[in-house]
Every structure is written in C-alpha cells, then in structure tokens.
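K.L.:
Just dropping this structure here.
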C-alpha cells in the first residue's frame, strides 16, 4: 500500500496530546493520527459502530458490547432466509435486529477485516481444544 504525505496543522495542545499518547503506546504520531482518522471515517460511514482495544488490537464493535465479527460469525452459523437469520441471531445474542443489521453493514464495507477476525478466533478455539484434549489424555 502506498502512502502519501499530507501537511496538517494542529493546535499546540492537541499536538502535545498526540505526541504523548503515541510515545506511551509505542507508536508514532503519524501512525496514531492515521489510525484515528481511519476509525473516525469508519464510524461516520457506519454510524453506531464503535472501536475498542483488546488483546487482539483495535476492533470494530457494537455499543452493546459484542464485536462485529462475533455477530457476523453468529449470522453465518444460522440457517434460514436472510430475515430469519437476522432475527434468530438477534434473539440468540440478545440484540435488536437493527444491531445485527449494523454489524452486517459494517461487514459489507470491510469483509476482509471481519473474515480475518473470524478466522483468528476459529484458530484460537482449535488450539485451545487441542490443548484441552492433550491435557485430558495425560489425566486419563
């Protein structure tokens, strides 16, 4: 991916905050601002989606607490018509159908990101199962 320079003027106090945050979180001011702009645009393009930090980094989520990838994975694991899948997922996860639709809208705009998160979770689950099975084999 190519990157291009863009000159932006910041108020002194804001630039100081950016520099402090970047320094204490192991990034550069430029990298931090780029991440913030990207997340801000994604939230404006899909109103209602929020971003939160966690062990796997920053990820898109719903205000209700679930990550977008969790909702999409649940939809994929549900059968029926599209409407039935949304309704069943909403009921299963304790969400409104509007929240499920929001997650699906974000997914439609960023499928590679969400598919990657789903795959990472599946891989982690497989590793955890294998470790548990190995432990059970030793104990039996």
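K.L.:
So which of 41, 129 ends up being under 25 Å from residue 25 (Cβ atoms), over 14 Å from the mean Cα position of the chain (by Cα), in a helix (DSSP H, G or I) and without any contact (Cβ under 8 Å) to a residue 12 or more places away in the chain?
P.N.:
41
K.L.:
Could you please find all residues in region 94-106 being within 28 Å of residue 41 (Cβ to Cβ) and part of a loop (DSSP other than H, G, I, E, B)?
P.N.:
95, 96 - these are the residues of region 94-106 that are within 28 Å of residue 41 (Cβ to Cβ) and part of a loop (DSSP other than H, G, I, E, B).
K.L.:
Taking the stated definitions as given, is residue 11 under 25 Å from residue 92 (Cα atoms) and at pLDDT 95 or above?
P.N.:
Considered against the rule, which asks whether it is under 25 Å from residue 92 (Cα atoms) and at pLDDT 95 or above, residue 11 comes out as no.
K.L.:
Looking only at residues that are assigned to a loop (DSSP other than H, G, I, E, B) and touching a residue at least 12 places away in the same chain (Cβ under 8 Å) in region 64-93, which one is farthest from residue 54 (Cα to Cα)?
P.N.:
Among them, the one singled out is 78.
The values are calculated or read from the model by the stated rules, or taken from the named source; none is laboratory data. Source: prediction; values computed, not measured. Neighbour counts run over all protein chains shown; Cβ positions are idealised from the backbone, glycine included.
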